[in-house]
Amino acid sequence: MPGRKSGSDTIECRLLRLIYDAAVSGEGWEEAFAACAKFCGARAMWLAGIRPRTGEIPLSVHHGAPAELTAKMAASYGDLRRNPILVAGVHRGEGVLFATDDVLPRERFERTEVYRQVLVPYDVEEMLGVNLICVKTLYVGFSAVRGRKAGPFTDTERNRFLWTYPHLRRAVQIRMRLMEAERHGLALEEALERLASAVVLVTSESRVVFANRSARRILDQRDGLMLQTGKLVASRKSDDAELQRLVGSSSLAVQGRATTAGGEMIVTRPSGLRPYALAVAPLISNPVVSLGQSPIAAILLHDPETTMEPSPRTLQRLYGLTPAEAKVCVALAHGTSLRRLAENHRVTLNTARTHLYRAMEKTGTRRQTDLVRLLLAGPLRLEPGAPARGVRDAADG
């Protein structure tokens, strides 16, 4: 490590801990950059991600830089045509150190707009920069700055700044991958949340880590299935034993200790309503090594008392049905006879038949049973709007 013996590297070790802690947690970047600034003799540190083609700055973390400075840079100087500092950075490879005098000859640099409008007013004339990531779609640069009175950075300070490069680069990559994984996870949860089908994800101990809106409606009734301290259980003792067996076999399959796993079962309801149909399927792609909170099985629930008719608006968009034709289709999918439908809507039976025939023509079906089968088979029914509750709220019940 620069300027220190291996037995007394406490400053560097603390700096690395701060950098990687920030990468994992997403917090503490300012503290890490404050330590970097002290280590390198800088007044301020700035990490910025810029999309060269658009000038967009999707990533900006800093320490010691006034808010007005960062706002002005983000608003006006993410454009290559207006910022020679950015041009100098983009055209260098990753890990190549450059200073103020490497951007442009000093006299020319002092005539640039960014120098006069941004750097001089905020006294950030001396700079060190390095590319952490430089690809066509994204440039991530890290810079250290200080005022003119402090003078150019010394060789020791340059070496220290450059020493941070591989660690900051790895930290940014870690953070970006974690953020991407989080976004993918949230997108998948959002998709499951909007499904009309009831879906529950459980751990090897049947603890619920996710239950979508449809599943929460079932669990909230506590009619045969419920949550007890976050664990999915069945009211009837024999049903619960079978449920736990299916989840346990899924856990064994995930660990590679069983070739068959999961299965189907019926769950009796104390209310006397028709029983739930339940299917358990192992999530084989789940890592074997985890902290015990990862889902190992997906549980699909079906409530025969709940009809899942298609949305009239969806039918209108998909097949070009009129509102009246869509209403006929929804009623038929619900099990309502054509005669009862005509009575409910106060139209003649012939009018209802006309709507039915037109709907069949537009959907490409020849018989009423074919139309109903088409309606019940799809399309996937997604509940509109954003989730009313957090997608993991069921686990807290």
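With K and R counted +1 and D and E -1, the other residues having a Cβ less than 12 Å from that of Ala234 yield a net charge of +2.
Quick check for you: which residues of region 129-156 have the amide N under 15 Å from the point 7 Å beyond the Cα of Lys38 toward its beta carbon? Label zone hits: none.
In plain terms, the bigger the Kirkwood radius, the slower the diffusion; for region 195-306, with that radius from Cα pairs, at 10 °C and 1.306 mPa s, Stokes-Einstein puts D at 114 µm²/s.
Modelled this way, with points 7 Å down the Cα-to-C-beta line, the labels at Val120 and Arg106 are 1.5 nm from one another.
Calculated mean residue ellipticity, 222 nm, the chain: -13500 deg cm²/dmol, from DSSP H runs (n ≥ 4) at -39500 (n - 2.57) each, averaged per residue and rounded to 500. Of the residues Ser311, Trp46, Thr351, the one whose Cα sits farthest toward the positive end of the charge dipole of the chain, with +1 on the Cβ of Lys and Arg and -1 on the Cβ of Asp and Glu, is Thr351. Taking 18 Å as the cut-off, the amide N atoms of region 349-375 that come nearer than this to a point 7 Å along the Cα-to-beta-carbon line of Leu318 belong to 356-375.
For region 312-377, a crude dipole built from +1 on the beta carbon of Lys and Arg and -1 on the beta carbon of Asp and Glu, taken about the Cα centre, is about 20 debye to the nearest 20. Annotation: lysines with alpha-carbon distance below 19 angstrom to Lys327 (same-chain offsets under eight excluded): Lys362. Rg/Rh for the chain: what does it come to with C-alpha atoms and Rh from Kirkwood? Value, to two decimals: 1.17. Toward the positive end of the charge dipole of the chain, about the Cα centre and with charges on Cβ (Lys, Arg +1; Asp, Glu -1), which of Ala32, His302, Leu168 goes farthest? Towards the positive end, the residue furthest out is His302. Between Glu190 and Asp21, the simple label model (points 7 Å from Cα in the Cβ direction) yields a spacing of 3.2 nm. Sparse packing (at most 11 other Cβ atoms within 10 Å of the Cβ) combined with a DSSP loop state is found for the following trypsin sites (Lys or Arg not before Pro) in region 157-261: Arg257. Taken along its principal axes, the alpha carbon cloud of region 6-182 reaches lengths of 46, 37, 29 Å, longest axis first. Inter-label distance, Glu361 to Glu113: 6.3 nm, where each label sits 7 Å from its Cα along the C-beta direction. Ordering Ala196, Phe210, Ala181 by the projection of their Cα atoms onto the charge dipole of region 169-214, which places +1 on the Cβ of Lys and Arg and -1 on the Cβ of Asp and Glu, puts Ala181 at the extreme positive end.
With 0.36 nm allotted per residue and the present C-alpha distance subtracted, the Glu180-Thr348 stretch has 54.8 nm of extension available. Measuring nothing but how far apart in sequence close Cα pairs (under 8 Å, 6+ apart) lie, relative to its length, the chain scores a relative contact order of 12 percent. Counting charges near Ser251 (Lys, Arg +1; Asp, Glu -1) among other residues having Cβ under 13 Å from its Cβ returns a value of +2. Here the calculated FRET efficiency for Glu94 and Lys149, from their Cβ-Cβ distance with R0 = 35 Å, stands at 0.65, rounded to the nearest 0.05. Taking only the C-alpha atoms of region 129-180, the Rg (one decimal) and the largest Cα-Cα distance, Dmax (whole number), read 13.5, 42 Å. Here the contact order of region 6-182, divided by its residue count and restricted to Cα pairs under 8 Å and six or more residues apart, works out to 25 percent.
All of the numbers you see were taken from the coordinates with simple rules; none came from a lab. Everything numeric here is computed off the predicted structure, so don't read it as measured data. Positions of Cβ are backbone-derived with ideal geometry, glycine not excepted, and every protein chain shown enters the neighbour counts.
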